[in-house]
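K.L.:
Attaching a single structure in structure tokens format; questions to follow.
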Amino acid sequence: MKKFALALAAVFVLAIACGGGGTPDQVVQNLFDAVENGDGDAVVSCLSAETLTGLEEGIEELKADPEGTAAMAVMMGIEITPEEVADLTAGKAITIVLSSEMVTSEMPDFAAVEIGEAVIDGETATVPVTMDGDTDDIELVLEGGSWKIGGEDMGFM
């Protein structure tokens, strides 16, 4: 469960191709592929507007203190200059976090991740994901005809 939470936290705390949608379980697979590939922009394309707004608010807070953020990043094994912090986007931030040794060392074996069948209820869906023997649901919402990661209770983690 710890690896599952860390994988999701890496995506959402910096809090990112999912693109045009597909089924909810395909979007979850695209999200995990993007995380495995360290592709922050692809992860962002999977996120709901609400989740992305929360992520962008978090990025703005990081940008408000670029020196402090750069110093904090070192504790995660991430070297970033205050100038690079000032230039962060959600996609860049996620790519940076996904490339950190601290995060990559805790990533699950993505080949062993099992993505179950989506349960759709109108404009929301849940997709069960099993990792390291633990199963958790990922919530999705339908936005503009495309499924996106992030339910009403998710917000910015």
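The values are calculated or read from the model by the stated rules, or taken from the named source; none is laboratory data. Just so it is clear, the structure is predicted and the values come from calculations on it, not from any experiment. Positions of Cβ are generated from backbone atoms using ideal geometry, with glycine treated the same way; all protein chains shown enter the neighbour counts.
K.L.:
Could you check, for the range 17-26, whether at least one of its residues is at pLDDT below 95 and touching a Phe, Trp or Tyr at 6+ places or on another chain (Cβ under 6 Å)?
P.N.:
yes
K.L.:
Which ones in the range 119-135 are farther than 22 Å from residue 107 by Cα and touching a Ser or Thr at 6+ places or on another chain (Cβ under 6 Å)?
P.N.:
Matches in the range 119-135: 119 only.
K.L.:
Do the conditions hold for residue 51, that is, is it buried (at least 17 other Cβ atoms within 10 Å of the Cβ), more than 27 Å from residue 139 (Cβ to Cβ) and polar (S, T, N, Q)?
P.N.:
Taking the combined requirement at face value, the residue does not satisfy it.
K.L.:
Shifting gears a bit: For residue 8, state whether it is under 20 Å from residue 106 (Cβ atoms), modelled with pLDDT under 95 and in a loop (DSSP other than H, G, I, E, B).
P.N.:
Details: under 20 Å from residue 106 (Cβ atoms): yes; modelled with pLDDT under 95: yes; in a loop (DSSP other than H, G, I, E, B): no.
When the stated conditions are applied, residue 8 does not pass them.
K.L.:
Just one of the numbered conditions (1) outside any helix (DSSP H, G or I); (2) in contact with a strand residue (DSSP E or B) (Cβ under 8 Å, 6 or more places away or on another chain); (3) more than 19 Å from residue 146 (Cα to Cα) is not true of residue 80; which one?
P.N.:
Of the numbered conditions (1) outside any helix (DSSP H, G or I); (2) in contact with a strand residue (DSSP E or B) (Cβ under 8 Å, 6 or more places away or on another chain); (3) more than 19 Å from residue 146 (Cα to Cα), the odd one out for residue 80 is (2).
K.L.:
Taking the residues in the range 97-108 that are touching a Leu at 6+ places or on another chain (Cβ under 8 Å) and in a helix (DSSP H, G or I) as candidates, determine which candidate is farthest from residue 76 (Cα to Cα).
P.N.:
104
K.L.:
State all residues of the range 109-152 that are part of a loop (DSSP other than H, G, I, E, B) and either in contact with a Pro (Cβ under 6 Å, 6 or more places away or on another chain) or buried (at least 18 other Cβ atoms within 10 Å of the Cβ) (or both); if no residue qualifies, say none.
P.N.:
Selection gives 113, 116, 118, 150, 151.
K.L.:
Additional query: Does residue 140 meet the test of being modelled with pLDDT of 95 or more and within 15 Å of the chain's Cα centre (by Cα)?
P.N.:
yes
K.L.:
From the set of residues in the range 77-100 that are over 17 Å from residue 67 (Cα atoms) and of a type in the set (Ser, Thr, Tyr), which is surrounded by the fewest Cβ atoms within 10 Å (Cβ to Cβ)?
P.N.:
Looking at the filtered set, the residue picked out is 99.
K.L.:
Another question, then. In the range 45-67, what count of residues is obtained for those that are part of a loop (DSSP other than H, G, I, E, B) and closer than 30 Å to residue 26 by Cα?
P.N.:
3
K.L.:
Still on this structure: From the list 71, 111, which residue is closer than 28 Å to residue 23 by Cβ and small (Gly, Ala, Ser)?
P.N.:
The unique qualifying residue is 111.
K.L.:
Please work out if residue 121 is in contact with a Phe, Trp or Tyr (Cβ under 7 Å, 6 or more places away or on another chain), among the charged types (D, E, K, R), over 20 Å from residue 56 (Cα atoms) and at pLDDT 90 or above.
P.N.:
no
K.L.:
For residues in the range 68-77 being touching a Ser or Thr at 6+ places or on another chain (Cβ under 9 Å) and part of a helix (DSSP H, G or I), which is nearest to residue 28 (Cα to Cα)?
P.N.:
For the range 68-77, the residue satisfying everything is 73.
K.L.:
With the condition kept exactly as written, say whether any residue in the range 117-124 is under 17 Å from the mean Cα position of the chain (by Cα), on the phi < 0 side of the Ramachandran plot and of a type in the set (A, V, I, L, M, F, W, C).
P.N.:
No; the residues of the range 117-124 include none that is under 17 Å from the mean Cα position of the chain (by Cα), on the phi < 0 side of the Ramachandran plot and of a type in the set (A, V, I, L, M, F, W, C).
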